[in-house]
Amino acid sequence: MARENLNDLMAFLAVARDRSFTRAAARLGLSQSALSHTVRALEERMGVRLLTRTTRSVSPTEAGARLLRTVGPKFEEIEAELALLSEFREKPAGRIRITAAEHAARTILWPRMAEFLPAYPDITVEVITDYGLRDIVADRYDAGIRLGEQVARDMIAVRIGPDLRMAVVGCPAYFATNPIPRTPQELLSHRCINLRLPTYDSNLVWEFEKNGKALNVHVEGQVALSSSFQILEACLQGFGLAYIPEDMVAHLLTEGRLTRVLEDWCRPFQGYHLYYPSRRQSSPAFNLVMNALRYRAP
């Protein structure tokens, strides 16, 4: 295959993965017009349309999706092999892209990277925080961080944190005018602060368990936010009850700024895991980052 065809294929793959000429052009260091011309030239040579373009979106056609599915992984393997050449350098180097929820990024990922990175100036770690359950292969991340029970079976998972527990909390001002709930069902008569999940376009379900009985509650309230830390602030200001990792509120409970309820209904669950594709060939830089994050029980 001619070299220009390879370059054009790489341009198509970038647009198909990002679903955007703007983002793909920025990542490739090209202008949008040049990238669009390159993809059109590839379509003309192949005699088939690969992308459907509208004023708001770009998506692969059936032929484009097949090309992305069959050719994309081969280019990823080539990129991975080139990345492995960094092991021949005196110092490990490379960029590691990780997606994580804000709580995991703040409490585990960043504290350990702050200790790790000064010793490896040629390693760059890019962290994208959100509560969306990203497809790390499609979105070209090296790894993601999720709770253990959320990791897909075809991924390799490495525990990076201890088991967690949620806490239902409210501030004294809220409980001054509202009764303390004794069962999860009673939450339906309370104002609760919801966590909005972008992947499912819905709110997080509050999960409880006691004596082997599981109970899920779809709470209601005036406020829905996309960050646990925003939820905590709203709770402290009296906007309602919050369902939040207990490590975030332990000091506030001790200080008396929050009151915990339904503690006996909140069971421990698997903590955070770093996960990555099983077919990924790990670079020395990735292995170092993974080992720095690996959980070591006290």
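Values in this text are rule-based calculations from the coordinates and carry no lab data. These numbers come from a predicted model, not from an experiment. Note that we place each Cβ from the backbone using ideal geometry, even for glycine, and neighbour counts take in every protein chain shown.
For K91, go through the lysines and keep the ones whose alpha-carbon is under 17 Å away, minus same-chain ones fewer than eight residues off. Excluding near neighbours in sequence, the set is empty.
On the basis of the beta-carbon distance and an R0 of 45 Å, L82 and H251 show a calculated FRET efficiency of 0.45. Summing +1 for each Lys or Arg and -1 for each Asp or Glu among the other residues whose beta-carbon sits under 10 angstrom from that of A63 gives 0. Across the stretch 166-265, the convex hull enclosing all Cα atoms gives 97 Å³ per residue.
Report the calculated FRET efficiency for S189 and E209 (r = Cβ-Cβ distance, R0 = 35 Å), to the nearest 0.05. Efficiency, from the Cβ-Cβ distance: 0.95. One chain, two ends: A138 and F116. Fully extended at 0.36 nm per residue, the span grows by 5.1 nm beyond their Cα-Cα distance. Considering only alpha-carbon pairs that sit under 8 angstrom and 6 or more positions apart, the relative contact order computed for the stretch 3-73 is 30 percent.
Calculate the translational D of the stretch 245-298 in whole µm² s⁻¹ from Stokes-Einstein, where the hydrodynamic radius comes from the Kirkwood formula applied to all Cα pairs, the temperature is 10 °C and the viscosity 1.306 mPa s. Don't skip to the answer; put the middle values down first.
Values: Rh = 14.9 Å.
Taking Rh from Cα pairs, D becomes 106 µm²/s.
Loop-located GluC sites (Glu not before Pro) in the stretch 37-146 (DSSP state not H, G, I, E or B) with no more than 10 neighbouring Cβ atoms inside 10 Å: E90.
Within the listed set A176, A224, A25, the Gaussian network model of the chain (springs between alpha-carbon atoms below 10 Å) gives the highest mean-square fluctuation for A176. Put simply, the amide H of V219, placed in the peptide plane, has neighbours under 5 Å in W206, leaving out anything fewer than 5 places away on its chain.
Count charges around T259 for me, please; just the other residues with Cβ under 14 Å from its Cβ, Lys/Arg as +1, Asp/Glu as -1.
Result for the local shell: 0.
Modelled spin-label separation between E62 and R196, with each label point placed 7 Å from Cα along the Cα-to-Cβ direction: 3.7 nm. GNM remark for the chain: springs join alpha carbons under 10 Å apart, and the peak mean-square fluctuation among R134, R153, R112 falls on R153. Only helical runs count toward this figure. For the chain, summing -39,500 (n - 2.57) over DSSP H runs of n ≥ 4 and dividing by all residues gives -10500 deg cm²/dmol at 222 nm. Net charge in the neighbourhood of I108 (other residues with Cβ under 14 Å of its Cβ; Lys, Arg +1, Asp, Glu -1) is +2.
Working from label points 7 Å from Cα in the Cα-to-Cβ sense, the E102 to R260 distance is 2.2 nm.
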